[in-house]
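Read through the structure below, which is laid out as C-alpha cells, and then see the notes.
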Amino acid sequence: MAARFNPLEADAHWQKVWEDRGVFHASDSSAKPRSYVLEMFPYPSGRIHMGHVRNYTMGDVLARYRRMTGFEVLHPMGWDAFGMPAENAAIQNKVHPGRWTWSNIDTMRAQLKRLGFALDWSRELATCDPSYYGHEQALFLDLFDAGLVYRKQSEVNWDPVDMTVLANEQVIDGRGWRSGALVERRKLSQWFLKITDFADELLDGLGELDQWPDKVRLMQENWIGKSRGLRFRFRLEAPLPPPLPGGEGPGVGIAEGDAAAAAEGSLRSPPTPAPSLPGRGIDSFDVFTTRPDTIFGASFAAIAPDHPIALALAEHDAGLAEFVAECRKGGTTAAELETAEKKGFDTGLKVHHPLDAAWKLPLFVANFVLMDYGTGAIFGCPAHDQRDLEFARRYGLPVTRVVAASPEEAAEPIGDEAYTGPGRLVNSGDLDGLTAEEGNRAVIARAEAEGWGEGTVVWRLRDWGVSRQRYWGTPIPIVHCEACGPVPVPRDRLPVVLPDDVSFDQPGNPLDRHPTWTKVDCPSCGGPGRRETDTLDTFVDSSWYFIRFASQPKDRPFDRAEAERWLPVGQYIGGVEHAILHLLYARFWTRALRRIGRLDIEEPFKGLFTQGMVTHETYRGADGQWLAPDEVEQKDGGWIAIATGEPVGVGRPQAMSKSKRNGIDPEPIVDQYGADAVRWFMLSDSPPERDLAWNEDGIEGAWRFIQRVWRLASEEGGHQGSSWLGGEDDKALRRKLHQTIAAVGSNIEALAFNKAVANIYELANAIEKAAPSAARGEAVETLVRLVAPMAPHLAEQAWAALAKEGLVAEADWPKADPALLVEDEVTIAVQVNGKLRDTLTAPKGAPKEALEEMALASEKVGRILEGKAPRKVIVVPDRLVNVVA
RNA sequence: GCCCCCGUGGCGGAACUGGUAGACGCGCUCGACUCAAAAUCGAGUUCCCAAAAGGAGUGCCGGUUCGAUUCCGGCCGGGGGCACCA
C-alpha cells in the first residue's frame, strides 16, 4: 500500500475507467428519476481559468451527489463558440476565427478532462458548428413565421475610420477602441425579436422562480421595468403646418417597425411617437405619466430632442436645430449625466391643459426627455418631481404644490426639493382632499370618460436587436430580393453555412464583400437576391443550448418529448454577470417556443445559483507596472520583485484578469497537487456565492487533507478482517458519523459546499481520535463515500484500498440512521441575567423543574445570587436555564 | 439619485425558527519525532489583565426582550444593479 496518495497516477487511471465504462452517460430510457445539472458553458477563449474550475467543480459535486442518491443525471458540456474575440484574433494573428476557436476548444476540453468532471461528453456541442447553428436558423425562421421577428431602423455605433460597427464595449470615451476616431450614431435596418410581447409573462414568471436568488429576480424585474400610469393627449394651440414636400427629412423617418407596433395597440413600448394624419400636420401629441394625480400642478410640457415635433420644428428654426444637435452630442456616462444641467428650448408653442382648455402651458424641447421611453414627451410638474423642479427654476416657470402631507403644509411653498411623499391633493379643484392613489384613479377614470387619455402600462424593456454586423456568428437565414423583400431561406436549404474563404485585412464585415456567398436567387420568385450578411447576437446561441443538450436529433433542433423529459434544468450554475441578459433571453426563447407549440416548458431553469469570482492579490512594482504572482516573493515580512529585488506594493484581492496580471493558470496547479486538491480548495472556506481568494496556503491545506483521508483509508484497508474489527462499539463515533451524513447531504443540496467540507473535517478529526472498532471501520468507509463527489479520484482509490465492490462513483450515498441523530445527553447553559455563568449536563428531555433545580444548585450561580431568591427563572428545555436576579 | 446586499478573531468563515459567539480551515506559538530539515503528530490561539478570578466583545448609537450576530429605528463603511424611466 502506497504511503502517499499519488494524484498523477490516480487521476489518469480513474478518468480512463470512468470513460471506458461510460459511467456518466445520461440514459434517455432510464426508469430512475431525472436530474439535469448544468453550468453555463464556456467561451473557448484559449485556456481554462480558475473561474471555470470553481464553476464546474460546484456543478460536478451536485451531479455526482445526485447520481449517488439515485438519480439519472444529465450533466453535459459544450462551447459558446461564436463571438468577437475570434475575429480579433483573426485580425491580430492572421488566423481564421474557426481554426482559432476549434484549437482553443481542443485545449480546453483536455484541461477540463484532467479535472475529472462527471460529464456526458457524448452530448458535447459547439455553437459555431453548422450542426448546431443550422438548427438555430430553423428556430429563428419558426419565430419569423410566427410574427415574432421584425425589421426596423436602429442606431449603431459607427467607426468612421475603420468603417465598421462597434459593440458598446468597443466604444471607449466616445471613441473607437482600435481607430480612436469619434464614434458616430448611424441608423441601420436590423432584425428584432419581440421580447416585449412577453414582458408580462416574463415578469409574472419571476414569481414562480423560488429557487433563484432574490437579487437576480429583482434585477430582472427592474430591467423589465413595468410602470402603470396615464397616457394622455396634449392639443396644440395651433396645428403645425403639414410636412414639406419631399416628406421626412434626414433622421425624421419613422422606423419601419413602428407602424406595426402602433397597429398592435397602445399598451406596448415603444408607443407611437405622434398621432398625426399624413398631410394634415400635427395638432396634438401624447405624454405618459405615473402621477396623473398631480395634473393640476402642471406648468409646462416637454418633448425629447428626437421627437417628431421637435424635428419638424427644427427644419424651420435654426436655433432649435442647433439645440437638438447639441443634445445629441452630450455624453451618456454616469458622471456626465450626474452633472448635466436640465436644459430646454422654448418652442413658443402652447398646449391646452386637458382639464381646462383655457389654461395654456408652454411647450419645451428638453434634454432630459428620452425619445425611447414612454411617448418621448412629458408634462412637467415641478412641485413633485425633482427634475421638473430644476427645469422650472431655471426657466422661471410656476411651481404649484398639489400634494400636501398635512393641511397645514398645503400653503407652504416648495423649496429646493420636490415633494414626492404621500399626502392629499390640494389646489386641484374638485380633486382636493383625495389621497394620491385616489387621485390617480379619479384622473384616469375622467380621462377615459372624456376621451383624452387612458390608463396604460409602459415597459422599460426593449425588443431584442439580434443583428450583428460580424462574420463569426450564426448567419441570419434570409435573402433580400428587390421584388419580394426579405424572404426566409427554405428549411431544406439550411444550414446557411458561413463561407470559410474570408479575409480580415480590411475593416468591416467580410461577409459584406464576399464575391459569391452573398449572391443567391430569391427563394420566392427566383430573381436575383442578396444574402443577409448580418449574423445573430451570440446570446441567441446560448438561449437554447440547454434544450439541444437534452435532445439532439440530426434532422431537427430537438425532439419535443425527449427534451421535455429532461427539462427544465434542475440546477443552473454560473456567474452573476449573466443575471439579466442571458437568463432573460433564455427565458424568452423558451416561452416563445412554447407559444409556437414547439416545447411545453415555461421556465428553462428551475434552480439558479450564481457563484462568486476567484480573486487574487495584485502586485505592483515601483514603476507602477503590474507584476504576476510568480514574479514576486515574500521576504522579511514584505514583498519584493524577484527580478529586481525591489519592494512591491500589494493590492487587495481582485477578480483575476489579464490587465492586472493576477491570474493563476489552473493547469500547473493540477500538475503539482492533482485534480482533487484543486477541487477541494475551490469548495472549502468561502461560501460559493462569495468571492474566493486564491492563495498558496489554501491549496496546501487541501493537499494535506487529501493525504489524511488516504492515510485513514489505506490503514483501515490494511487491517480489514483482523482484530481491528473486534473492538468495542464506539457509540459516540457512530453518532458523529450519522450526524455528518445528514449534515453533508443537506449542505450539498443547499449548495453550501463550504459547510459540507467543514462537516467532513469534523468527522475525519473524530475518526483519527477514535480507537479501533467496528464503528471506526464503518466511519472510514462512509467518509470515502462522503468525499466522493468532491474528491472523486481519491475516493475511487480509497474505495479500492478498502476492497469495496464496483466504483464509488456508482455507489449509494450513505443513509443517516435517524435514531443516531439525537443526543441522549445535552449540555445546558446556565445564565444569570442572560450572561453565561456555568454549564451542566442533563439527560435529553429532562423536565423543566429538574433543570431549574440543577441550575440553582450551581455553586457559581449561588455565589452571584448571594443567598437571595431569584426574581424569575426561564427554562428552555434541552437548551438553557436563565436565572433573573 | 433610486433599488438591493454585506460589515463577526491576524485571515477565509460557522452559529437551526432570538437561546453557550468564534464550528471548520488557514496562519501563528510551543512541544514531540529528527544530527538537521521537510513531512507527520500533540497542545494552544477573540481581546484586556503576568496568571487565576473577572471584564469587554459580532461596524457605531439607541430600542424591544429574561436573553439580540439574529428583530426594529437612525447613522458610518464596503460591494453590486439600474439610471435624466416621466
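The values are calculated or read from the model by the stated rules, or taken from the named source; none is laboratory data. From a predicted model like this one, the values you see are computed outputs, not experimental measurements. With ideal geometry, Cβ positions are generated from the backbone for all residues, glycine too; neighbour counts draw on all protein chains shown. Surface areas here come from the heavy atoms of the whole protein model, side chains and all, with no ligands, DNA or RNA. Shrake-Rupley method; radii C 1.70, N 1.55, O 1.52, S 1.80 Å.
Of note:
- Under 5 Å, built H, 5+ apart or other chain: amide partners of A:Thr839: A:Val830
- Accessible area (Å², 1.4 Å probe, nearest 10) - A:Trp191: 10
- The ellipsoid equivalent to the alpha-carbon distribution of the range A:24-153 has semi-axes of 30, 23, 12 angstrom, derived from the gyration tensor eigenvalues as √(5λ) and listed largest first.
- Environment charge of A:Asn509, counting only residues whose C-beta is closer than 13 Å and scoring Lys/Arg +1, Asp/Glu -1: -2
- Helix A:753-769 vs. chain A, principal-axis angle (Cα, 0 to 90°, nearest 10): 10
- Using equal-weight Cα scatterers in the Debye expression, the normalised intensity of the range A:696-829 in log10 at q = 0.12 Å⁻¹ is -0.46.
- The Rg/Rh ratio for the range A:52-104, using Cα coordinates for both the radius of gyration and the Kirkwood hydrodynamic radius, is 1.25.
- Computed over all pairs of different Cα atoms, the Kirkwood value for the hydrodynamic radius of the range A:351-424 is 13.7 Å.
- Applying the Kirkwood pairwise sum to the alpha-carbon positions of the range A:504-581 produces a hydrodynamic radius of 16.5 angstrom.
- Protein-only accessible surface at a 1.4 angstrom probe places the residues A:Trp639, A:Trp680 in the order A:Trp639, A:Trp680, largest first.
- Note, ³J(HN,Hα) from phi for the range A:833-845, Karplus 6.51, -1.76, 1.60, rounded to Hz, x at Gly and Pro: 6, x, 9, 5, 10, 6, 10, 9, 9, 9, x, 4, x
- Bridgeable aspartates and glutamates around A:Lys844 (alpha carbons under 17 Å apart, same-chain partners fewer than 8 residues away excluded): A:Glu823, A:Asp824, A:Glu825, A:Glu852, A:Glu853, A:Asp878.
- Once C-alpha pairs closer than 8 Å and six or more residues apart are averaged by separation and normalised to the residue number of chain A, the relative contact order reads 13 percent.
- The candidates A:Tyr43, A:Tyr132, A:Tyr585, arranged from most to least accessible area with a 1.4 Å probe in the full protein assembly, appear as A:Tyr43, A:Tyr585, A:Tyr132.
- Nearest-ten-degree value, helix A:84-93 long axis tilted from longest Cα axis of chain A: 90
- Computed extension length for A:Ser227-A:Arg594: 129.5 nm, one decimal, from 0.36 nm per residue of separation with the Cα-Cα distance subtracted.
- Within chain A, percent of DSSP bridges classed antiparallel, to nearest 5: 80
- In the range A:802-885, the DSSP beta bridges split such that about 75 percent are antiparallel, to the nearest 5.
- Set of lysines with alpha-carbon distance to A:Lys343 below 20 Å, sequence-local pairs under 8 removed: A:Lys329
- As a fraction of the 1.4 Å probe accessible area of chain A, surface on carbon and sulfur atoms comes out at 51 percent.
- The alpha-carbon atoms of the range A:562-620 define a convex hull whose volume equals 94 cubic angstrom per residue.
- C-alpha long axis of helix A:386-395 to longest principal axis of chain A, angle in °: 30
- Debye, to nearest 20: dipole size of chain A, +1 on Lys, Arg Cβ, -1 on Asp, Glu Cβ: 560
- When Rg and the Kirkwood radius Rh are both evaluated on Cα atoms of chain A, their ratio Rg/Rh stands at 1.05.
- Computing Rg and the Kirkwood Rh from the Cα coordinates of the range A:128-202 gives a ratio, Rg/Rh, of 1.11.
- The alpha-carbon atoms of the range A:819-874 define a convex hull whose volume equals 83 cubic angstrom per residue.
- Volume of the convex hull of the range A:313-455 (Cα atoms only), normalised per residue: 144 Å³.
- Over the range A:541-668, the alpha carbon radius of gyration divided by the compact-protein estimate 2.2 N^0.38 Å works out to 1.66.
- Debye log10 I(q)/I(0) at q = 0.24, 0.26 Å⁻¹ for the range A:632-702, Cα point scatterers: -1.21, -1.25
- A 1.4 Å probe run over the protein chains yields, for the range A:168-244, 56 Å² of accessible area per residue, whole-number rounding.
- Evaluated at q = 0.11, 0.14, 0.22, 0.23 Å⁻¹, the base-10 log of the normalised Debye intensity for the range A:77-203, with identical point scatterers placed on the Cα atoms, takes the values -0.64, -0.97, -1.19, -1.21.
- Of A:Thr69, A:Thr841, the order by accessible heavy-atom surface (1.4 Å probe, DNA, RNA and ligands excluded), from most exposed downward, is A:Thr841, A:Thr69.
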